[in-house]
Protein chains: 2
Amino acid sequence: MARDLSAPRTPVRPVEVDRSSPVPLYFQVATRLQELIEAGEIGVGARIENEVDLAERLGVSRPTTRRAIQYLVERGMLVRKRGVGTQVVHPKVRRPVELSSLYDDLVSTDREPRTEVLALKVVPAPPEVAGALELSPGTEVTWIERLRHANGEPLALMHNAIPLGLLHLEAPDLAAHGLYELLRRAGYQPRTATQVIGARAAGAAEARVLRERRGASLLTMTRTAWDVSGRALEYGAHVYRASRYSFELNLTAG
Amino acid sequence: MARDLSAPRTPVRPVEVDRSSPVPLYFQVATRLQELIEAGEIGVGARIENEVDLAERLGVSRPTTRRAIQYLVERGMLVRKRGVGTQVVHPKVRRPVELSSLYDDLVSTDREPRTEVLALKVVPAPPEVAGALELSPGTEVTWIERLRHANGEPLALMHNAIPLGLLHLEAPDLAAHGLYELLRRAGYQPRTATQVIGARAAGAAEARVLRERRGASLLTMTRTAWDVSGRALEYGAHVYRASRYSFELNLTAG
DNA sequence: GTCAATACTTTGTCCTGACAAACTGACTTG
DNA sequence: CAAGTCAGTTTGTCAGGACAAAGTATTGAC
């Protein structure tokens, strides 16, 4: 359907590989291609060279070239069609979903986060928390309550549970850093998570600390995060001021 | 850390491949492995055979075996470690995020969806819609307003815009099917989307059609969806009764 | 001129073979 | 006995080749 097949192949000229580098060849090729596409040197809609020619010109094997292209296809930058070729569809990577913390988001958008630690103690896990973290009921967990400010205004009230023994938390650390940053620093990298996002009206106590009217709309988010080996890292139940915050997601369907 | 390496390798016995099938070998192997894991025959934490042995026993090459395992690794079921082996970490696939429609979700959970088409017309795209769909301002689009019921109760008020020429919509079709199903049937498969999820209080008109009190909390979702070749398919601005609906997401970090 | 058959291009699948890098566990050595 | 060394295991990377399948473009027949 009116795909412009007469468009000239962009011959990806300045790609070279460094065989002495510890970086895998396929990754070198993928990175270079990504740079060229993001810089606009290979425009949207343009077809790139076919795998065989590209491989030959770069001096690598076809499987290596395929792997590099596949990497960018999975990231949504390229589309392949058998018998047709490979086309650029997006100049920027659409990341599937960011598994980053609120704190990092605020820092990166210059919104001056500040954290007030309301509680930090060890308690037996309530049934809901124990279930989410796959612990037997009553197992002790570190329980955290924090109030997160942005630009001097309260933004979110956050309750979190962390399995004991994972890491030792101190109030000053929590005040100065995001929870995910502390987890990462201790060697635990969140990799998968399930979230439930909903909304409800603010109760009296919540309204007071968040400086909203009673009954104001709040965004709620409960999340459980696991690391790469399936170990449960964190359970969180957060409420956000809907007037100041929303979730932005980029989705990709398999 | 206390990984049970003494656990016996589960030898994935009943896997066989059918070389006369048009289904690729790597996919046959991946599917069979996935079934065994989901059925619990290979338990969580168990290591599977190493690639070389598995390949030999199945009578396929090691790259084919690797590709099958890689497929499950990307879906979060397995974890590989060089020098160690491959372990099961999750008995079920955690899909990155489902890009399915509300209608399909309600059908699959047996909640008897019913759709009331409030409006179906062709209008010039408002600036916000034009921007989201990457159309020049004022381009005409199909504009849809629907009220979605579940179990006989109103659940969501949905506004959507579709580029003209993509497909011809009739009210009866919209009443009987989800929008995504109609798109798919016309050959357009949504692949990537950006969503913004927020909350706000119900206005008077919204409260009336959704049978909520005025000021009740509503979940809001605006979304733009593209197909595999980067063509904008749909813009949607939906509001949900927070008392009856929440978003559930499974995330995976790269 | 239109439609079907054919040739060509390009990606998809699969194989064999080889070496490198990371991790484990046992052995050696001080 | 403790710590470093070394061999074994397992996944990671890469090459080169072969054929299949799905499109596109051309050619030929009616």
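The values are calculated or read from the model by the stated rules, or taken from the named source; none is laboratory data. The structure displayed is predicted, hence computed values, not measured ones. Reconstructed Cβ throughout: ideal geometry from the backbone, glycine too, with neighbour counts over all protein chains shown. With ligands, DNA and RNA removed, areas are computed over all heavy atoms of the protein, side chains included. Shrake-Rupley method; radii C 1.70, N 1.55, O 1.52, S 1.80 Å.
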Counting only other chains, and only Cβ atoms inside 10 Å, what mean value do you get across the residues of A:208-215?
1
Under the Karplus curve 6.51 cos²θ - 1.76 cosθ + 1.60, θ = phi - 60°, whole-Hz ³J(HN,Hα) for the range B:209-221, x wherever Gly or Pro sits:
5, 8, 6, 10, 6, 5, x, 5, 6, 10, 8, 10, 9
As a test of understanding, state the convex hull volume per residue of the range B:102-241 from its alpha carbons, in Å³.
111
With DNA, RNA and ligands ignored, accessible area of A:Arg66 (1.4 Å probe; Å², nearest 10)
90
Among B:Tyr188, B:Leu78, B:Val123 - extreme Cα towards positive end, dipole of chain B, charges at beta-carbon:
B:Leu78
Could you list which residues have their amide H under 5 Å from that of A:Glu140, counting only those 5 or more apart in sequence or on another chain, with H placed in the peptide plane?
A:Ala125
The range A:102-241 - charge dipole about Cα centre, Lys and Arg +1 at Cβ, Asp and Glu -1, debye rounded to 20
360
May I ask you to rank B:Ser61, A:Ser20 by accessible area, largest first, using a 1.4 Å probe over the protein chains only?
A:Ser20, B:Ser61
With the label 7 angstrom out along Cα to Cβ, how close does B:Glu41 come to the same site in each of the other copies, in nm, nearest first?
5.2
Rg to Rh ratio, the protein assembly as shown, alpha-carbon atoms and Kirkwood radius?
0.98
Using only helices, what value at 222 nm comes out for the protein assembly as shown when you add -39,500 (n - 2.57) per DSSP H run of length 4 or more and divide by the total residues, to the nearest 500 deg cm²/dmol?
-7500 deg cm²/dmol
Inter-copy spacing of A:Glu74 label points, which lie 7 Å from Cα along Cα→Cβ, given in nm from shortest upward:
0.5
Which order do B:Asp104, B:Asp110 take when ranked by solvent-accessible area (1.4 Å probe, heavy atoms of all protein chains), largest first?
B:Asp110, B:Asp104
Leaving out same-chain residues fewer than 8 places away, which aspartates and glutamates sit with a Cα under 12 Å from that of B:Lys121?
B:Glu140, B:Glu145, B:Glu170
With a 1.4 Å probe and all protein chains in place, put B:Ser217, A:Ser246, B:Ser136 in order of accessible area, largest first.
B:Ser136, A:Ser246, B:Ser217
For residues of A:216-223, the mean tally of beta carbons on other chains within 10 Å:
5
In Å³ per residue, the alpha-carbon convex hull of the range A:120-191 encloses 104
Give the long-range amide H neighbours of B:Glu41: residues separated by 5 or more places, or on another chain, with amide H under 5 Å away, using H modelled in the peptide plane at 1.01 Å from N.
none
Any idea which of B:Gln34, B:His149, B:Ala161 is furthest toward the positive side of the dipole for chain B, if Lys and Arg beta-carbons carry +1 and Asp and Glu beta-carbons -1?
B:Gln34
Nearest residue to the symmetry axis between B and A, taken on chain B by its Cβ, in whole Å:
B:Ala199, 2
Please work out the Cα center distance from the range B:180-219 to the range B:41-61, rounded to the nearest Å.
45
So how do B:178-184, A:49-55 stack up, highest first, on mean other-Cβ count within 10 Å?
B:178-184, A:49-55
Using the crude model of +1 on Lys and Arg Cβ and -1 on Asp and Glu Cβ, and no other charge, please compute the dipole size for the protein assembly as shown relative to its Cα centre, in debye to 20.
260
Whole-Hz couplings from phi, Karplus 6.51/-1.76/1.60, listed for the range A:114-129; x for Gly and Pro:
9, 10, 10, 8, 8, 7, 8, 8, 9, 9, x, 5, x, x, 4, 5
Simple Cβ-charge dipole of chain A, Lys/Arg +1 and Asp/Glu -1, about Cα centre, in debye nearest 20:
740
